[in-house]
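Asks: Here you go, one structure.
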Amino acid sequence: MQAGLSPKENLLRVIRRADPAYVPVRRLNGLIPGMIRLHLNGNVILHDSVDRWGVRFAGGGPAGAEWEPRVQAYAVGHPLVDLSDEVLDRYPWPDPQDPELVQGILDGVDRANNLVVAEIGVLPFTRAHFLTGMEALLVAMADQPQAVGRLLHIIADYHIAVIHRVAALGVEAIRGEDDYGSQTALMTSPAMWRRLIKPELARIVAAAKAEGLLFFMHSCGRIMQIVPDLIEMGVDVLDPIQQQANDQAELKRLYGDRLSFKDGLSTQGALTQGTPDEVEADVRERIRLLAPGGGYILGPDNAIAIPEANYRAYLAAGERYGRYPLQF
């Protein structure tokens, strides 16, 4: 164990799998020791509103206590009902150079002692189904792949421009979100994912890598089949690796030398349904499976409210079992 590491130094060692001192523990409000997550202005939709892409959202709400995180709104109004070239040509796409997008996001940020991560929001697949509706997008992927490819390319171009902007501001990492899986399988075939989605995601990751940035990728559901693709394109950290949907031991065995993992503690199990003792046992098992050699940031797999006693047990167990050398 390396004594005297700052939280940022320890976090970087975790990500690089290079002799960290302890497993970082993510609080339910998203805070991780040694990291600051910057949300671009207007990217977080918490209430009924229309976002800069023209998508209408409903629901949502503010955060309560730390164990009661904010509730994100959900897309209900999908403005793209046609993927013809004419419609895509005249659609009012958001401007990645909009000054308000990044205005003030680094004010007061302690860059010396924190890994500064820019959250660029939802990536091409999720943004596309926000714009079209999920069913319409999945049908179009089969019936109009060229049109869908163009839509995904437009979205990726936006993210690439944003990445270059935030890199110029001095951020050190990018985090994006794109959910590809249900509890049991990918939402598309692997072949379709590789044909339409992978090229645009790869362009986005490549833009971050060209700027010397780490890339954090969020993708819910069972995505075991495409993890090698994510590694190939340069993803550094993958979350939330839900234990009900993925084989965490297999992920660590096959890819733990090339990819770091975040979260993985089930909000479908002990955290919400169990006792503090059961939460402690689940935390211990996640650390046993995923933390050897570094490469693991402990956290719940979803940001939903949990009982306070279970939340406290989670934090305590992370501190107890997450010190290197691990005692198992």
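Every read-out reported here was derived from the displayed coordinates using simple, explicitly stated rules and does not represent laboratory data. Just so it is clear, the model here is predicted, and its values are computed rather than measured. With ideal geometry, Cβ positions are generated from the backbone for all residues, glycine too; neighbour counts draw on all protein chains shown.
Asks: What helices does the chain have that are whole DSSP H segments, at least 24 Å long along their own axis by Cα, and with mean Kyte-Doolittle hydropathy of 0.5 or more? Could the numbers behind the result be given before it?
Replies: Numbers: long enough: 145-169 (36 Å, 0.88).
Taking the DSSP H segments of the chain (at least 24 Å long, mean hydropathy at least 0.5), we get 145-169.
Asks: Can you find, among Gly133, Ser84, Leu123, the residue sitting farthest towards the positive end of the charge dipole of the chain, where Lys and Arg contribute +1 and Asp and Glu -1 at Cβ?
Replies: So the residue we want is Leu123.
Asks: Report the residue, chosen from Ala18, Ala206, Ala317, that carries the largest GNM mean-square fluctuation when the chain is represented by alpha-carbon nodes joined by springs under 10 Å.
Replies: Of the options given, Ala18 has the highest mean-square fluctuation.
Asks: A follow-up question, please. With +1 on each Lys and Arg Cβ and -1 on each Asp and Glu Cβ, how big is the dipole of the chain about its Cα centre, in debye rounded to the nearest 20? Don't skip to the end; give the middle numbers.
Replies: Values: 32 positive and 41 negative charges, 181 e Å.
Here the size comes out at about 880 debye.
Asks: Follow-up question, since we're still on this one. Hey, can you grab everything whose amide H is under 5 Å from the amide H of Val76? Only 5+ residues off in sequence or another chain; H modelled, so Pro and N-termini drop out.
Replies: It is Arg56, Phe57, Ala58, by chain and number.
Asks: Moving on. Near the amide H of Arg175, under 5 Å away, which other amide H atoms are found, from residues 5 or more places off or on another chain, if H is placed in the peptide plane?
Replies: Ala118, Glu119, Ile120, Phe216
Asks: Which one of Gly274, Gly30, Gly294 has the biggest mean-square fluctuation once the chain is modelled by GNM with Cα springs under 10 Å?
Replies: It is Gly274.
Asks: In addition: Multiply the residue gap between Ser189 and Leu88 by 0.36 nm, knock off their C-alpha separation, and tell me the result in nm, one decimal place. Walk me through the numbers on the way to the answer.
Replies: Details: separation 101, 0.36 × 101 = 36.36 nm, distance 2.56 nm.
Here the answer is 33.8 nm.
Asks: Among Gly299, Gly104, Gly256, which one shows the highest mean-square fluctuation when the chain is modelled as a Gaussian network with alpha-carbon springs under 10 Å?
Replies: Judging by the Gaussian network model, the answer is Gly104.
Asks: Please tell me the relative contact order of the chain in percent, rounded to the nearest whole number, where contacts are Cα pairs under 8 Å and at least six residues apart.
Replies: 20 percent
Asks: Separate question: Compute the separation of the alpha-carbon centres of segment 180-215 and segment 70-102 and state it in Å as a whole number.
Replies: Cα centres, segment 180-215 to segment 70-102: 20 Å.
Asks: Would you list the P(r) distribution for the chain, with all Cα-Cα distances sorted into 10 Å bins from 0 and each bin expressed as a whole %?
Replies: Histogram of Cα-Cα distances, whole percents per bin: 6, 25, 35, 25, 8, 1, 0.
Asks: I'd like the Karplus ³J(HN,Hα) series for segment 84-89: coefficients 6.51, -1.76, 1.60, θ = phi - 60°, whole numbers in Hz, and an x wherever there's a Gly or Pro.
Replies: So the J values, rounded to whole Hz, are 5, 4, 4, 5, 5, 5.
Asks: Give the cross-link partners of Lys252 among the aspartates and glutamates, using a straight C-alpha distance below 12 Å as the criterion and excluding same-chain residues fewer than 8 apart.
Replies: In chain and number order, there are no partners.
Asks: Determine the sum of side-chain charges near Met35: Lys and Arg each +1, Asp and Glu each -1, restricted to other residues whose C-beta is under 15 angstrom from that of Met35.
Replies: Working: positive: Lys8, Arg13, Arg16, Arg26, Arg27, Arg37, Arg111, Arg175, Lys262; negative: Glu9, Asp110, Glu119, Glu172, Asp236, Asp239, Asp263.
It works out to a net charge of +2.
Asks: With both bridge residues required to lie in the chain, what share of the DSSP beta bridges run antiparallel, to the nearest 5%?
Replies: Around 25 percent of the beta bridges assigned by DSSP in the chain are antiparallel ones.
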